[in-house]
Every structure is written in C-alpha cells, then in structure tokens.
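Chemist: One structure follows; several queries about it will come next.
The values are calculated or read from the model by the stated rules, or taken from the named source; none is laboratory data. Since this is a predicted model, take the numbers as computed values, not measurements. Using ideal geometry, Cβ is built from the backbone for each residue, glycine included, and neighbour counts are taken over all protein chains shown. To get the accessible areas, we keep the full protein, side chains included, count just its heavy atoms, and leave off ligands, DNA and RNA. Shrake-Rupley method; radii C 1.70, N 1.55, O 1.52, S 1.80 Å.
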Amino acid sequence: MPKPPAEDPRLVRLTKICLALPETSRKRTGDHASFLVRKKTFAYFLDNHHGDGIVAVCGKVALGENAERVAADPERYYIPAYIGPRGWVGLRLDVGKAADIDWDEVTELVTGSYRLVAPKRLAAAVS
C-alpha cells in the first residue's frame, strides 16, 4: 500500500503556531486547512485557492488594515477572494525560498486574527 503524501511543511509549521493558542482546532479540506477557536475560523492555509496559484496564510485584521498591508507590500500581501472584503488579508508563503518565510510575521498575523475572532476571555489570555 502506497504511503500518503507528506504534508506541506509550511502547513505543518502553521499548524504548530495556531494550535498553540487556547481552545483551537484544525479542519483539513483537500489542500486547504481552517484553524478555529471553538467554532469560529481565525486563520486559513490556502493552497491554489480557486486556481490562483498562491500558497498563503489568511487572517482577519482590523478594518482597513488589509488594504494598508497590500499597499505597503503587494509582493507578499493580497486580498483573498470571498473573505478579503470582510476584513481578511493573505500573506504569501510561496514567494522566495521556504527559508525566506518570516514565521514571526506569520505568528503575528494569526495571533492578531485570533484576538479578533476568539471570545473575549480567550483573546485576553493571549499576549
């Protein structure tokens, strides 16, 4: 019986970051993954979402911040389809080499998103 393909190392690292937050879980759907706090999604791992050819982590940000991030660094940030107009931003994980990913920046994005989505008690517990 053939071995299942190895999971994308970027998703493995993102999963560790997200699941370190209180009361979180991961839901995998094909090449994508959702990270939830209780039943609310706070981050997505998207791999070629609707054929866009992009691998990214998406998180919710403060009102207008998604457009600001894209304007400041359009090579790495983008407005994801469907969820972008609702305050989400995508951070590309496929630009440059895997070693070029700023995992502190990824952590900041998903932690900030978690704080916006999580119940107040849980959000307050995350520094």
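Chemist: Return a yes/no flag: does segment 17-24 have any residue that is in a strand (DSSP E or B), free of Cβ contacts under 8 Å to residues at least 12 places away in the same chain and surrounded by 12 or more Cβ atoms within 10 Å (Cβ to Cβ).
Modeler: No, segment 17-24 contains no residue that is in a strand (DSSP E or B), free of Cβ contacts under 8 Å to residues at least 12 places away in the same chain and surrounded by 12 or more Cβ atoms within 10 Å (Cβ to Cβ).
Chemist: Could you count how many residues in segment 48-70 are open to solvent by 40 Å² or more (accessible area, probe 1.4 Å), touching a residue at least 24 places away in the same chain (Cβ under 8 Å) and not in a loop (DSSP other than H, G, I, E, B)?
Modeler: The qualifying residues number 3.
Chemist: Just give me the residues in segment 102-114 being in contact (Cβ under 8 Å) with a residue 24 or more places away in the chain and exposed (fewer than 14 other Cβ atoms within 10 Å of the Cβ), in sequence order. Explain how you work it out, then say what you get.
Modeler: Pass one, segment 102-114, residues in contact (Cβ under 8 Å) with a residue 24 or more places away in the chain: 103, 106-107, 109-114.
Once the filter is applied, which keeps residues that are in contact (Cβ under 8 Å) with a residue 24 or more places away in the chain and exposed (fewer than 14 other Cβ atoms within 10 Å of the Cβ), segment 102-114 yields only 103.
Condition check ((1) in a helix (DSSP H, G or I); (2) open to solvent by 40 Å² or more (accessible area, probe 1.4 Å); (3) among the polar types (S, T, N, Q)) across all residues:
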position: 12; (1), (2), (3): yes, yes, no
position: 41; (1), (2), (3): no, no, yes
position: 116; (1), (2), (3): yes, yes, no
position: 123; (1), (2), (3): yes, no, no
position: 127; (1), (2), (3): no, yes, yes
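For every residue, the table says whether it meets (1) of a type outside the set (Phe, Trp, Tyr); (2) at pLDDT 95 or above; (3) under 10 Å from the mean Cα position of the chain (by Cα).
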| position | (1), (2), (3) |
| --- | --- |
| 26 | yes, yes, no |
| 32 | yes, no, no |
| 37 | yes, yes, no |
| 42 | no, yes, yes |
| 49 | yes, no, no |
| 54 | yes, no, no |
| 57 | yes, yes, yes |
| 66 | yes, yes, no |
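Chemist: Let me ask another. Being open to solvent by less than 50 Å² (accessible area, probe 1.4 Å) and either out of contact with any strand residue (DSSP E or B) (no Cβ under 9 Å at 6 or more places or on another chain) or in a helix (DSSP H, G or I) (or both) is the filter here; which residues of segment 82-100 pass it?
Modeler: If the condition is that a residue be open to solvent by less than 50 Å² (accessible area, probe 1.4 Å) and either out of contact with any strand residue (DSSP E or B) (no Cβ under 9 Å at 6 or more places or on another chain) or in a helix (DSSP H, G or I) (or both), then 84 is the only one that fits.
Chemist: So residue 34 ticks every box in (1) more than 13 Å from residue 110 (Cβ to Cβ); (2) open to solvent by less than 30 Å² (accessible area, probe 1.4 Å); (3) hydroxyl-bearing (Ser, Thr, Tyr) but one. Which box is left unticked?
Modeler: Among (1) more than 13 Å from residue 110 (Cβ to Cβ); (2) open to solvent by less than 30 Å² (accessible area, probe 1.4 Å); (3) hydroxyl-bearing (Ser, Thr, Tyr), the lone unmet condition for residue 34 is (1).
Chemist: Quick check on my filter: what residues within segment 73-127 are on the phi > 0 side of the Ramachandran plot and of a type in the set (Ser, Thr, Tyr)?
Modeler: Across segment 73-127, the qualifying residue is only 82.
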